[in-house]
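S.K.: Input: one structure, supplied below.
The values are calculated or read from the model by the stated rules, or taken from the named source; none is laboratory data. Everything numeric in this text was worked out from a predicted model, so none of it was measured. Please note: Cβ atoms are built from the backbone with ideal geometry, for glycine as well, and neighbour counts cover all protein chains shown. With ligands, DNA and RNA removed, areas are computed over all heavy atoms of the protein, side chains included. Shrake-Rupley method; radii C 1.70, N 1.55, O 1.52, S 1.80 Å.
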Amino acid sequence: MHWSEQIAKRIIEKNPDKEEYVCAAGISPSGSIHIGNFRDIATSYFVAKSLRKMGKKAKLLFSWDEFDRLRKVPVNVAKVNDDMEKYIGCPYVDVPNPFKDSDAKSYAEYFEKEFEVSLKKFGIEMDFRHQADMYRSGKYKDCVLLALKKRKEIFDIIDSHRTQDAQEGEREAYYPVSIYCPVCGKDTTKIDSLSDDCTKAEYTCKCGHHGSFDFTKDFNCKLAWKIDWPMRWCYEGVDFEPGGKDHASINGSYDTSKHISKEIFGYDAPIFQGYEFIGISDNNASTGKMSGSSGLNLTPDTLLKLYQPEVLLWLYSKNEPLKAFNFCLDDGILRQYFEFDKMYAEVQNGSANELTTAIIDLARVEGRELKLVPMSLIVQLGSVVDFNVPMLEIVFEKLGTPYKYDDFKDRLDRAKFWLEKCSPQDMNKLRKTRNWQIYEALDDTEKQEIKELYEYIKKGGYDLASLQTDLYAIPKKVRNLTTEDKELKAKQGAFFKNVYKLLIDKEKGPRLYLFLYAIEPDKYLPLLDFSYPKTKEEEDSEKVVEEVVEEKKAEYGEPDPVAPVKDEIALEDFEKIDLRVCKIVKCQEIRKSNNCYKLTLFDGEGERVIVSSIKHYYTPEQLIGKKIIVVANLKPVRITGVTSNGMLVAATNNACGCQVVFVDDIVPEGTMIK
């Protein structure tokens, strides 16, 4: 049973005869709504869908908490308007819209509209509540008066959930409501006295204004959060509402509000579900923050440029609320698309189990039909043909998968956006000239392999299957190897790597047989033909490279004196050191550290983090994806505020600086160095 169905079942058991169940969510429009906040809506949305699946009537209630005070000015707002801090203390709905290119009437409306546009793309229908309207229309009048009359009981409840003792006189001076000043517009008021019937108050504002407030006809006030929340549960008849794990802690907001709901408003608190926060996986970022090197403000609308709405909903659906997960700006997004496609296909062909079916059903968006063209294939081939649609259709036809634009158009722009904004190093662009530097570094046998490939492609007459077979056969033929030779696989891998370097300046790329079959041979054959001398363009290009190399060499000095060999150790001493091959999957700068990177590695079993002082010698782009040797059983140590679980192997000398020892990509992660 899906987790949302389990919650729906509890809701029905609690109140089996209710005509319509209410699943609530709410967000304060303090800035662009973060994709992490979307879990509040997704959780309630799935529960409401599960209630309907069980034959019950259910609505999704969403509150815009626009009557909350502006607490701080977000960075993106301050960049366009540096005069916003004067509104701190005013309700969001009264703060002017800081963006000149928008017709929104207020700060709140700008961010509300921004978010509501993206919600439509998910097909989510909600019953909206604007809290400024609810308060100022007087709809909560009786609830506010009740809270004032029971203010001391409310104080006692709040105090019972606190760890610190109340100060003398604090109970007498407690009021559960804030009045917005009619002069400065802020909630910087203090109630000085309250009438015996709790309907009228005298107050003073920090701006110097003194006034009277009649709660029976003046409504520009707001209950404090832990009273406001249960008041709305009672007013709307809420049956379910989720919240962040901070609200779910012992004596946290939910515990306190649950107590107030029962004792003050006479309403059994709704079923509550805490949820974990959401992270971002980004190999390219110099920071782990959501808006790292990509510069993306990760609102739902931005994420929809990377993920189809169904895939986003699927991530929320398949992960239970208390399970954290990541949105991926790195190549993890391709694995997520693959897993989604696999699940979706299982449901389509009838082989899915009950849970998988429920996960996919909750992620469906009404009115949309999905075509499962592999995202990884669109990424790989799209970059090669510069995302030219007619050319992509031709390539797919040649590969035996005759997808048309209508089949892949929903994913095409997302693939392009991901490559350009999040993973430019994965763009597969053919070189403009031959790579003589790589070619001249090859031995005679390797050069013969390249020649054999050139002549094979030039001759033509192959299909996709024969091309795949014959590519593997080239090293075997040139080196006179047999299938039983242990070195064959390594030589084939080295051959492929050489071809990639000659064609796209990378050691790996899309599956080589697909790559060579998809692209017109005339476009890459010249890059494999070294039968004629260097052109002037190639010579000029090499000069630029040589100048860069010379400039780098000039940074170093004479070699260090050769150090004497250390004392002998026994073999068993060496065997205590666990040296493992690890792959660098993320490279991040460390705040306040001028020398160190935080490296996230895959060691064959999982992720491990090490700190290394190689920042002056390598850029993140030079490290990500490379395989290194790590002392895996080194005792963890804190370095610049980060726990380092191991140490990489590098050579350090005055003549070369620090040079990391890299391992051939063919060696699997987790391999022991013996």
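S.K.: What share of all Cα pairs of the stretch 36-111, in percent, falls into each consecutive 10 Å distance bin?
M.R.: 17, 35, 23, 17, 8, 0
S.K.: Could you derive backbone 3J(HN,Hα) for the stretch 120-132 from the dihedral phi with the Karplus parameters 6.51, -1.76 and 1.60 (θ = phi - 60°), listing whole Hz in sequence and x where the residue is Gly or Pro?
M.R.: Whole-Hz 3J(HN,Hα) from phi for the stretch 120-132: 4, 6, 8, x, 8, 9, 9, 9, 7, 10, 9, 5, 5.
S.K.: Restricting attention to the stretch 360-403, which GluC sites (Glu not before Pro) occupy a DSSP loop and are surrounded by at most 14 other Cβ atoms within 10 Å?
M.R.: Details: sites: GLU366, GLU369, GLU393, GLU397; in loops: GLU366, GLU369.
For GluC sites (Glu not before Pro) across the stretch 360-403 that sit outside H, G, I, E and B with at most 14 neighbouring Cβ atoms in 10 Å, the list reads GLU366, GLU369.
S.K.: Taking each pair of different alpha-carbon atoms in the stretch 378-536 once, compute 1/r for the pair, average those values, and report the inverse of that mean as the Kirkwood hydrodynamic radius in Å to one decimal. Mind dumping the intermediate values first?
M.R.: Working: mean 1/r = 0.0595 Å⁻¹.
Result for the stretch 378-536, one decimal place: 16.8 Å.
S.K.: Let me ask something else about it. For the stretch 1-77, just the Cα atoms, rotate onto the principal axes and tell me the three extents in Å, largest first.
M.R.: The Cα atoms of the stretch 1-77 stretch 46, 24, 15 Å along the principal axes, largest first.
S.K.: Ok, one more. To make sure I understand the rule: partners must be lysines, Cα under 18 Å from the Cα of LYS59, and not fewer than 8 residues away in the same chain. Which ones qualify?
M.R.: LYS9, LYS14, LYS18, LYS49, LYS120
S.K.: I need the Kirkwood Rh of the stretch 573-674: take the reciprocal of the average 1/r across all distinct C-alpha pairs and report it in angstrom.
M.R.: Numbers: mean 1/r = 0.0725 Å⁻¹.
After inverting the pairwise mean of 1/r, the radius is 13.8 Å.
S.K.: Moving to a separate point now. Report the Cα centroid-to-centroid distance between the stretch 462-476 and the stretch 365-404 in angstrom, as an integer.
M.R.: 24 Å
S.K.: Something else now. Return the calculated 222 nm mean residue ellipticity for the chain, to the nearest 500 deg cm²/dmol, obtained by summing -39500 (n - 2.57) across DSSP H runs with n ≥ 4 and dividing by the residue count. Mind showing how you got there, number by number?
M.R.: Values: 25 runs with 264 residues, N = 674.
Calculated at 222 nm, the ellipticity per residue is -11500 deg cm²/dmol.
S.K.: Could I ask something else about it? Please determine, in degrees from 0 to 90 and to the nearest 10, the orientation of helix 225-236 with respect to the longest principal axis defined by the Cα atoms of the chain, where the helix direction is its Cα long axis.
M.R.: So the helix axis and the longest Cα principal axis differ by about 80 degrees.
S.K.: How many angstrom lie between the Cα centre of the stretch 123-202 and the Cα centre of the stretch 1-45?
M.R.: So the two Cα centres are separated by 26 Å.
S.K.: How much accessible surface area, in Å² rounded to 10, belongs to the heavy atoms of TYR472 with a 1.4 Å probe?
M.R.: It works out to around 100 Å².
S.K.: Gap in Å between the Cα centre of the stretch 406-426 and the Cα centre of the stretch 57-97?
M.R.: Using only Cα atoms to place each centre, the spacing works out to 33 Å.
S.K.: Place a point 7 Å from Cα of ASN326 in the direction of its Cβ. Which residues in the stretch 351-389 have their backbone N less than 19 Å from it?
M.R.: 376, by backbone N distance to the label point.
S.K.: Kindly state, to the nearest 0.05, the FRET efficiency for LYS459 paired with LYS245, given R0 = 56 Å and r defined as their beta-carbon distance.
M.R.: Values: r = 64 Å, r/R0 = 1.14.
That gives a FRET efficiency of 0.30.
S.K.: While we're on this one: Per residue of the stretch 197-207, in order, report the coupling 6.51 cos²θ - 1.76 cosθ + 1.60 (Karplus, θ = phi - 60°) as ³J(HN,Hα) in whole Hz, putting x for Gly and Pro.
M.R.: 8, 6, 9, 10, 9, 9, 9, 10, 9, 4, 6
S.K.: Could you look at the stretch 182-283 and say what percent of its accessible area is carbon and sulfur, using a 1.4 Å probe and all protein chains? Could the numbers behind the result be given before it?
M.R.: Working: 2210 of 4420 Å².
That fraction is 50 percent.
S.K.: Rounded to whole Å and sorted largest first, list the principal axis extents of the Cα atoms in the stretch 356-408.
M.R.: Its Cα atoms span 37, 20, 19 Å along the three principal axes.
S.K.: Here's something else I'd like to know. Principal axes first, then extents: for the Cα atoms of the chain, list largest minus smallest coordinate on each axis, whole Å, largest first.
M.R.: If we take the Cα atoms of the chain, the spans are 101, 63, 55 Å.
S.K.: Once you have all Cα-Cα distances for the stretch 575-630, histogram them in 5 Å bins from zero and send the whole-percent values.
M.R.: 4, 20, 30, 24, 13, 7, 2, 0
S.K.: Provide the FRET efficiency to the nearest 0.05 for the ASP470-PHE99 pair, computing r from the beta carbons and using R0 = 56 Å. Walk me through the numbers on the way to the answer.
M.R.: Working: r = 59 Å, r/R0 = 1.05.
The pair ASP470/PHE99 has a calculated efficiency of 0.40.
S.K.: A further question on this structure: Which FRET efficiency value, to the nearest 0.05, is calculated for ASP573 and CYS656 with the Förster distance at 22 angstrom and r the Cβ-Cβ distance? If you can, show how the numbers build up before the last one.
M.R.: On the way: r = 29 Å, r/R0 = 1.30.
My answer for the efficiency is 0.15.
S.K.: Once the whole set of protein chains is in place, how much accessible area is left on MET1, using a 1.4 Å probe, in Å² to the nearest 10?
M.R.: Roll a 1.4 Å probe over it and MET1 shows about 110 Å².
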